[in-house]
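Every read-out reported here was derived from the displayed coordinates using simple, explicitly stated rules and does not represent laboratory data. All of these numbers come straight from a predicted model, not from anything done at the bench. Virtual Cβ from ideal backbone geometry, glycine too; neighbours counted across all protein chains shown.
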Amino acid sequence: MTNIVNQKDIKQLLNIDKVFETIALKYGYPPDWSRPQGFISLSRIILEQQLSLASAKAHFLKLKNYLHEFSPSELIKLTDEEMRNCQISRQKAKYLRSLSNAILNGDIDLENLKKLKEKDARKLLTSINGIGEWTADIYLMFCLQAKDIFPIGDIAIINTVRELSDAETKDEIRLLSEKWIPFRSLATYFLWHYYLNKRNRASKITED
């Protein structure tokens, strides 16, 4: 499986749209934000919903360090109070329990998703309470290395495209992104890279 960030695809994307060449000249190429497949990574992405990366990382590490083993069977045992003590909101706790139950009940096999077509993997992911399109997009990109994902629900991506192009509405941005097919995941990485570096934020968003 080829990672999203690779020289061959970068060369083609830079030829498709010079905006990525501009980003590369200013900030270099984006890092490889790949994560392992499975429960831990998906749980972390759920915690990242509508939170800053720093806050989500802190909550994830607190939960991870509290558990003897970061697994569905162990997480499902935590009480509401234990979740709160790990800085997990009631809503996020509900989502993590939904994911844990889905795995324990055999409703989803995260290790098997890589064998499915993207649309089928997405359908399974979004069937779980708390996993919407954005969460599925991030898991497909980071964990399954899907190469043509454009997370239209990501605020940082929307703001960056507006800054770097004439596209304003989501429909205009979606239309613009079609120009980057079949490298929209790589394009997304470049846009995140620009967003984080311009704002002097740490770009290593996957380190534990």
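Some points to look at:
- The base-10 log of I(q)/I(0) for region 1-109, evaluated at q = 0.10, 0.11, 0.13 Å⁻¹, reads -0.43, -0.50, -0.63 [Debye formula, identical scatterers on Cα atoms, solvent excluded].
- Cβ charges +1 (Lys, Arg) and -1 (Asp, Glu), total dipole of region 78-193, debye: 240
- Cut-off under 5 Å, modelled amide H: who pairs with Arg35 long-range: Cys143
- Taking Ser34, Ser127 and counting other C-beta atoms within 10 Å, the order from fewest to most: Ser127, Ser34
- Full-extension gain in nm, Lys11 to Tyr27, via 0.36 nm per residue minus C-alpha separation: 4.2 nm
- Nearby aspartates and glutamates by direct alpha-carbon distance to Lys77 (threshold 13 angstrom, same-chain neighbours under 8 apart not counted): Glu69
- Dipole magnitude for region 39-133: computed about the Cα centre from +1 point charges on Lys and Arg Cβ and -1 point charges on Asp and Glu Cβ, it is near 240 debye.
- Nearest 10 degrees, 0 to 90: helix 90-104 Cα axis against the chain principal axis: 80
- Inter-part distance where region 110-154 and region 8-55 are each reduced to a Cα centre, Å: 15
- Approximating the spin labels as points 7 Å out from Cα along Cα→Cβ, the Ala167-to-Lys114 distance works out to 3.0 nm.
- Percent of C-alpha pairs per 10 Å bin in the chain, short distances first: 8, 34, 34, 18, 5, 0.
- Along the chain, counting only GluC sites (Glu not before Pro) with a DSSP assignment other than H, G, I, E or B and at most 13 other Cβ atoms inside a 10 Å radius, the longest segment between sites is 70-167.
- Compared with the dominant Cα axis of the chain, that is its longest principal axis, helix 155-164 is turned about 10°.
- Cross-link table Lys119/Lys170; Lys62/Lys147; Lys64/Lys117; Lys94/Lys114, entries beyond 28 Å C-alpha to C-alpha: Lys62/Lys147; Lys64/Lys117
- In the chain, Cα pairs under 8 Å separated by at least six residues give a relative contact order of 28 percent.
- Database remark: amide H of Leu67 closer than 5 angstrom to no amide H (H placed geometrically; neighbours at sequence offset of 5 or more, or on other chains; Pro and chain starts carry no H).
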